[in-house]
Amino acid sequence: MNKAVTDGIDFTLPAFELGLENWSSQDGTPGQDDYANEANAAFVPADGDFSGALELIKDQAGTQRLRAFKQTPLQPGCYLKVTARLKVLSGAFPQVRIAGFAATSAGAAVPDVVVSGAALTPDTYGEIYEVSALVGQGNRSGVDMVWGPDAAYGHFGLDLIGATGGVVRIDDLEVEDITTYFLRDMYDVVDVRDYGAIGDGVADDSTAFEAADAAADGLTVLVSEGTYFLGRDVTLANKARFVGTISQAPEHRFVMRRSFDLPSYADAFDDEVEGFKKGYQALLNNSDHEVFDLGGRQIQVTAPMDLHAIVGNRDTFEIRRVIANGMFEAKPSTDWDTVTVSSSADYAVNDPLQLSNVTNVANIEIGSRIVADGVGREVYVRDRNISAGTLTLNLPLHGVATTQTYSFERYQYILDFSGFDKVSKYVFHNIEFQCAGQASGIMIARDGSTFELNDCLINKPKDRAITSAGRGCQDMLVDRCQFLSNEQSLPVTSRKTLVLNVNANDAKIRDCRVMRFEHFAVLAGTGNLLTGNHWFNGDDVVGGARKAGLILTTPNSVSTVSGNYIDNNFIELTNEHDPAPEFSSEFSFGGLTLTGNIFTTLRAGPEFCWLVITPRGAGHFVHGLTVTGNVFRAINGNVRRFERIDTTHADIEYNRMRNIVIDANTFNNVEEVTQNPVILRHAQNTDATTWVVDTGSYMPFGGWARTVPSLVKESAVTAGGSERFEFPVVGVESGVTKTEVHLRWGAACQGDVAVTVRCDTPV
C-alpha cells in the first residue's frame, strides 16, 4: 500500500532551493516565524556532498527547530518515514533528531503524544550522517511517534539540541510512505492498532475496534499481537482475524457477524470455553445468525455451563437457534459432584404440583430430582419460592405422607438451561457430548417447545443424558442420536442412569440407538411417537432380571411405538405420577399402539415380559391397546409370555377391559401365545349338553373370556345320530378362572365348532 500511488497524496517536503520561507523556526503552523532572511540560516546552492543544502547555525540554547509549513496528511493505517541527511562543518557538535508538530483537523496540537524521534550525535566534521523516525496514528512496534486517531496532519522537520555554535548543513528532507512494512497481506486487512488500539489489556480499545471495522468495508479486521480490553458491547460487521486476543467482562457482548463460529471466537478469547460462552451470548443477541457452528472443535469443560447466566440479559427466548458440529468433553472436577439436600415438606393431593413448608428451601436448587417413598420416577423441582417456603414440581406425587422427609439430588449438566423461564425451538445438531462419567448431558429449560436434538452422541453420562425439570420438553424432537451408558459393565439391577424424560406432550423420538442404561425414557405426557429406535438394556447375567426401557406414566398415553428394536427390556405402563392413583373417572390404561417392532431378550429369566402394566391404585383396566405385526423372540432360554400385570400395588378389573387388539404377532420361544380376539376350534367327541371351550393362556394379561363375537359350526352337530340345527346359548366368563366359554345346547350332542373369543368388549 502506498498512498502516493493509490490516493495521489503528495508527501514531498519543499526543497530548500524553493525558499526558506517554506520552513518555520517554530512549529510550522500558519503565521509563525520562518528562516527567510534570518542570519543563522542560508541556502547553499553548491556543496560537494549535497545538491543544494540548508546551512544552519545552532545559535539557540536548548532546542532549535526546523519545521515545514507544509501540512503532511496522516491517515489510519498509513505510516511515514521522515529522513534527514546532514554534516557538521565546524563548532560544537549538536544532537540531531527528527521531529514534528501533530495537528488535529482543526489545527490544534494533539495532546500527550511523542513529537520527536531518537537523537543522533555527530562526532566527525564533514562526515555525512542520516537520522530518521517513523510516524503514524497506530501503535505499532517500531513507530517512534504514535499520534493516535485524532492526528490529521503534521508539520515535519528536525531539532538541533544540545551545545550551541555548531554549523550544520542539511540536505532536503524526505518523507516516505512505509505502510507496507507493517502489512502481512498488503490489501485485505485493516489493523485495529492503526485506529488507536493499544493492546495492553488495560486501556479500553472498543472505539478503535469499531473504527477499524467501519473502515474495513469488506476487508478483514486484523487484531494484531497484544491483549485488547473491550469495556462494552462491540460488534464487528466484517470478517476478523486474530493474532492477539480479547478480554471482556462476562456481561458485555462481542458479536462477529462475518466470523460467527467457534474457531473465530476461540481465537479471539484464546480459549474454547470462553469462546463458546461469548459465541452463545452473541447467538441470542444477534439476528444475523441462527447457527453457531463449532467448526468441529472440542470444548473441554470442568464445570457446568449455566447458559442463562452466560447470556445474562434474557429469561425467555423463542426464536430458532442451532448449535452444530463440535464436541463438549467433561474433564475431572469437583464441580460435577451431585449436591444432595434432605428437607421436610408438606404435600396435599388437591395441590399436586407443590411442596409447602419446605425446610432449607434456599439450599434446594431448581432442577433437583426428588427421591422418597411415594415419589415416581423423574420428579424434579421446577421452581422455588424461598420467601413462601414452597417448591413447584414438574409432576405430581402418588403416595406420600402429608408431611415427610425428601431427598433432593441436583445432578450437574454440561449444558444447563434451567435458569431460563422459557426456551423454544432450540436445536443441537451433530454435537458429541463426552460426559466421561463425570457429568450429565443437557438440562432443558423449565418451559418452551420443540427442543431438538439430532445426529448427536451423548456418551457416558454420569446420571442423565437429557433432563426436563418442567414443560420445556413440549413437542421435543430427538432424531438419529446415539446414547451410550457409563454403566455398561454393571448388571441391570445396579444401574442408575437414564437417557431422557418428558413431562409434556407430543415427543418424537426416532432412529436412535441406546445402549445399556437403567431406563431409556420416562414419558409422562401423551401423543408420543417412537419409531425406528434400538434400545438394548441387558447384561451378561444368565437368568438375570430386566428393567423397563420405555416407561409411560400417563395411563392413556395416546402413543405409537412402531418399527423399533426393543432388546432386553420392557415397556411399562404406570400411573405413578397420579396424585390420586385409584381409578375415578379418567381414562385408564391404554391409548397405545405397538406395531412392527422387534422384541427380543437374551438370557433373561422365564418371568420376563415385554409389556407390563403397573397400576398404583385399584379400579383400573385396559382400554384401547393395539399390538400387531410384532416379533417376540427369546434367546438362550424361554419366557412364559409377552405381557403381564404387575400386582405389587393393585390388580386391574378384568370385567372392564375394552377395545384390545393383539393379532398377527410372531412368538419365538414364548411359551404362552397371546391373542385377542382368538379363534378356538373345539371338537366335542361325546354327547354333552354343555361344551366347555377353554381359552387357556390366550387372553391378554390373564384376562377373562368376556365376549364371543362369532361361532361357526365346522361339522354337523348331532344328537343320537340326528343332526341338530339350533345354535347354543353362549356362557362367557365361565369356570373358576372365568377363562372358559360354555356352549349350552338343547340336548346332549357332539360336533366341531370354531369360536371367536375376546377378553374385552369392542367399544
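The values are calculated or read from the model by the stated rules, or taken from the named source; none is laboratory data. Since this is a predicted model, take the numbers as computed values, not measurements. When we count neighbours, we look across all protein chains shown, and the Cβ atoms used for this are built from the backbone with ideal geometry, even at glycine. To get the accessible areas, we keep the full protein, side chains included, count just its heavy atoms, and leave off ligands, DNA and RNA. Shrake-Rupley method; radii C 1.70, N 1.55, O 1.52, S 1.80 Å.
Scanning segment 588-613 for residues that are at pLDDT below 95, not basic (K, R) and not in a strand (DSSP E or B) returns G605, P606, E607. Here A634 clears all of (1) crowded, with 23+ Cβ neighbours inside 10 Å; (2) touching a residue at least 40 places away in the same chain (Cβ under 8 Å); (3) under 43 Å from the mean Cα position of the chain (by Cα) except the condition numbered (2).
Those residues that are farther than 29 Å from P396 by Cα and charged (D, E, K, R), I need them from segment 315-362; list them, please.
Narrowing segment 315-362 to residues farther than 29 Å from P396 by Cα: 319-335.
Those that are farther than 29 Å from P396 by Cα and charged (D, E, K, R): R320, R321, E329, K331, D335.
When G590, G543 are checked against the criterion of being touching a residue at least 60 places away in the same chain (Cβ under 8 Å), on the phi > 0 side of the Ramachandran plot and open to solvent by less than 10 Å² (accessible area, probe 1.4 Å), G590 stands alone in meeting it.
Looking at this structure, is A211 out of contact with any Gly (no Cβ under 6 Å at 6 or more places or on another chain), open to solvent by 10 Å² or more (accessible area, probe 1.4 Å), among the small types (G, A, S) and in a strand (DSSP E or B)? Considered against the rule, which asks whether it is out of contact with any Gly (no Cβ under 6 Å at 6 or more places or on another chain), open to solvent by 10 Å² or more (accessible area, probe 1.4 Å), among the small types (G, A, S) and in a strand (DSSP E or B), A211 comes out as no. Residue pairs whose Cβ atoms lie under 6 Å apart, separated by 6 or more positions or on different chains, with the first residue in segment 348-376 and under 18 Å from G470 (Cβ atoms) and the second in a loop (DSSP other than H, G, I, E, B) and acidic (D, E), are G376/E576. G437 meets the conditions (1) touching a residue at least 60 places away in the same chain (Cβ under 8 Å); (2) over 30 Å from P579 (Cβ atoms); (3) part of a loop (DSSP other than H, G, I, E, B) in every case but one. The failed one is (1).
Within segment 470-488, identify whether any single residue is touching a residue at least 60 places away in the same chain (Cβ under 8 Å), buried (at least 19 other Cβ atoms within 10 Å of the Cβ) and within 26 Å of L395 (Cβ to Cβ), and answer yes or no. Scanning segment 470-488 turns up at least one residue that is touching a residue at least 60 places away in the same chain (Cβ under 8 Å), buried (at least 19 other Cβ atoms within 10 Å of the Cβ) and within 26 Å of L395 (Cβ to Cβ).
With respect to E671, determine if the residue is exposed (fewer than 15 other Cβ atoms within 10 Å of the Cβ) and over 45 Å from the mean Cα position of the chain (by Cα). If you could, list the steps in order and put the result at the bottom.
On the way: exposed (fewer than 15 other Cβ atoms within 10 Å of the Cβ): yes; over 45 Å from the mean Cα position of the chain (by Cα): yes.
Criteria met by E671.
Only residues that are under 27 Å from A436 (Cα atoms), assigned to a helix (DSSP H, G or I) and open to solvent by less than 10 Å² (accessible area, probe 1.4 Å) were counted in segment 244-299, giving 9. Restricting segment 362-406 to residues that are basic (K, R) and more than 24 Å from the chain's Cα centre (by Cα) leaves a set whose member that is least open to solvent (accessible area, probe 1.4 Å) is R377. When I319, I323 are checked against the criterion of being among the aliphatic types (A, V, I, L, M) and open to solvent by less than 20 Å² (accessible area, probe 1.4 Å), I323 stands alone in meeting it. If you go through segment 60-73 one residue at a time, do you hit one that is in a loop (DSSP other than H, G, I, E, B), within 60 Å of the chain's Cα centre (by Cα) and surrounded by 15 or more Cβ atoms within 10 Å (Cβ to Cβ)? Within segment 60-73, one or more residues are in a loop (DSSP other than H, G, I, E, B), within 60 Å of the chain's Cα centre (by Cα) and surrounded by 15 or more Cβ atoms within 10 Å (Cβ to Cβ). Restricting attention to segment 74-115, the residues that are open to solvent by 10 Å² or more (accessible area, probe 1.4 Å), closer than 23 Å to S141 by Cβ and assigned to a strand (DSSP E or B) total 3. The residues in segment 326-353 that are open to solvent by 60 Å² or more (accessible area, probe 1.4 Å), more than 18 Å from P304 (Cα to Cα) and part of a strand (DSSP E or B) can be counted, and the count is 1.
Residue selection: E452 satisfies the criterion of being modelled with pLDDT of 95 or more, surrounded by fewer than 23 Cβ atoms within 10 Å (Cβ to Cβ), charged (D, E, K, R) and under 12 Å from the mean Cα position of the chain (by Cα). Residues that are out of contact with any Ser or Thr (no Cβ under 9 Å at 6 or more places or on another chain) and open to solvent by 20 Å² or more (accessible area, probe 1.4 Å) within segment 503-518 comprise just one, R513. Taking only pairs six or more apart or across chains, which ones have beta-carbon atoms under 6 Å, a first residue in segment 568-582 that is over 15 Å from V375 (Cβ atoms), and a second residue that is of a type in the set (G, A, S)? Filtered contacts from segment 568-582: N568/G538; N569/G549; F570/A548; E572/A548; E582/G617; E582/A618; E582/G619. Is at least one residue of segment 519-536 of a type in the set (S, T, N, Q), modelled with pLDDT of 95 or more, over 19 Å from A465 (Cβ atoms) and surrounded by 22 or more Cβ atoms within 10 Å (Cβ to Cβ)? Taking every residue of segment 519-536 in turn, none turns out to be of a type in the set (S, T, N, Q), modelled with pLDDT of 95 or more, over 19 Å from A465 (Cβ atoms) and surrounded by 22 or more Cβ atoms within 10 Å (Cβ to Cβ). In the set (1) closer than 19 Å to F520 by Cα; (2) of a type in the set (S, T, Y); (3) not in a strand (DSSP E or B), the condition left unmet by T560 is number (3).
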